[in-house]
Amino acid sequence: MVEDPSELRNIIDETDWLALKGSSKSLFDLDTPDMLRGLVSSDVREVEMGLSHLVFGLGDGVNVMPATVPAVRYVLALLPRIPGETAMRPRVSGIRKPLRAHLLEWLGDTADAVSDDSERRFVDLAGFSPLKYPASPWHKVRQLRPQIFEVVSAFLEDQDPVTRREAIAAAVVLVRGTELAAHRDAVAVSTQAFLDASPDPAQRNWATSALEELRRPRPSEAEQ
């Protein structure tokens, strides 16, 4: 199903999953290697199980699990290797769409989970910042944001409109970070092109809202 899977195998084989489990209360971390392998299966049911694990097993709405870090690296290596013409459209949470679109959506959600806004919500709930600890998964996922953007940006002009939308959505989240803010105008151009090409009112409304966010000054900019 994928081209040159050796790098994917290396990411799994070189990760100390037991050590990750030792730093986490989640039982899902030890399931992650098998679930990641399922993403490259020709059996759509195994792919759907892998996707469901990413979405529901590696986060609880507040925490970022240690296994999320190698999972992000795996997905970044996998995405460019998925043939664009693949007919597989797995279903997750009742929504069926191309595998690449599901993975791009997950990357966007994961980037959002470690955003400044999410950090503030964490502090409100827990009373301390998850960024207080340099070895935390929050820090490690944040360090991957430039690599995530590089992979996501390759799909900003994808021929499949669903995949393209998820790439744009992920990019909008990523350019909120100061290290990627310079790409905001380029993402806005892709978003405008998506808006101009889409006949669907719901998609046009979504793209309009995305453009408004991209053009809105971030709090740090507004204070300058």
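The values are calculated or read from the model by the stated rules, or taken from the named source; none is laboratory data. Keep in mind it's a predicted model, so treat the numbers as computed, not measured. We place every Cβ from the backbone using ideal geometry, glycine too, and count neighbours over all the protein chains shown.
Out of 122, 56, 128, which single residue is more than 28 Å from residue 191 (Cα to Cα), crowded, with 19+ Cβ neighbours inside 10 Å, among the hydrophobic types (A, V, I, L, M, F, W, C) and over 11 Å from the mean Cα position of the chain (by Cα)?
On the way: 56 fails: crowded, with 19+ Cβ neighbours inside 10 Å; 128 fails: crowded, with 19+ Cβ neighbours inside 10 Å.
Unique residue meeting the criteria: 122.
Of 145, 204, which residue is touching a Gly at 6+ places or on another chain (Cβ under 7 Å), farther than 21 Å from residue 48 by Cβ and modelled with pLDDT of 95 or more?
On the way: 204 fails: touching a Gly at 6+ places or on another chain (Cβ under 7 Å).
Every option except 145 fails the conditions.
Across region 114-136, what is the total count of residues that are within 12 Å of residue 62 (Cα to Cα) and not hydroxyl-bearing (Ser, Thr, Tyr)? Reasoning before the result, please.
So in region 114-136, the residues within 12 Å of residue 62 (Cα to Cα) come out as 114-115, 117-126, 129-130.
Retained after the next criterion (residues that are not hydroxyl-bearing (Ser, Thr, Tyr)): 114, 117, 119-126, 130.
Selection size over region 114-136: 11.
Considering each of 207, 170, 188 in turn, give the residue that is of a type in the set (A, V, I, L, M) and surrounded by fewer than 22 Cβ atoms within 10 Å (Cβ to Cβ).
Details: 207 fails: surrounded by fewer than 22 Cβ atoms within 10 Å (Cβ to Cβ); 170 fails: surrounded by fewer than 22 Cβ atoms within 10 Å (Cβ to Cβ).
Checking each option against the conditions leaves just 188.
Answer yes or no: is there a residue in region 78-92 that is surrounded by fewer than 20 Cβ atoms within 10 Å (Cβ to Cβ), farther than 22 Å from residue 39 by Cα and among the charged types (D, E, K, R).
Scanning region 78-92 turns up no residue that is surrounded by fewer than 20 Cβ atoms within 10 Å (Cβ to Cβ), farther than 22 Å from residue 39 by Cα and among the charged types (D, E, K, R).
Given the criteria among the aromatic types (Phe, Trp, Tyr), buried (at least 16 other Cβ atoms within 10 Å of the Cβ), closer than 26 Å to residue 217 by Cβ and over 18 Å from the mean Cα position of the chain (by Cα), does residue 149 qualify? Explain how you work it out, then say what you get.
Values: among the aromatic types (Phe, Trp, Tyr): yes; buried (at least 16 other Cβ atoms within 10 Å of the Cβ): yes; closer than 26 Å to residue 217 by Cβ: yes; over 18 Å from the mean Cα position of the chain (by Cα): no.
Criteria not met by residue 149.
Where in region 154-215 are there helices (runs of 4 or more DSSP H), lying wholly inside it, with at least 1 residues that are among the acidic types (Asp, Glu) and free of Cβ contacts under 8 Å to residues at least 40 places away in the same chain? Before you say what the answer is, go through the steps one by one.
On the way: elements: 161-174, 184-197, 201-215.
Qualifying helices (runs of 4 or more DSSP H): 184-197, 201-215.
Could you check how many residues of region 94-129 are part of a loop (DSSP other than H, G, I, E, B) and touching a residue at least 40 places away in the same chain (Cβ under 8 Å)? Lay out the reasoning, then the answer.
If we filter region 94-129 for residues that are part of a loop (DSSP other than H, G, I, E, B), which is where we start, we get 94, 97-98, 114-115, 127-129.
Those still in the list that are touching a residue at least 40 places away in the same chain (Cβ under 8 Å) too: 97-98, 114-115.
Total meeting the criteria: 4.
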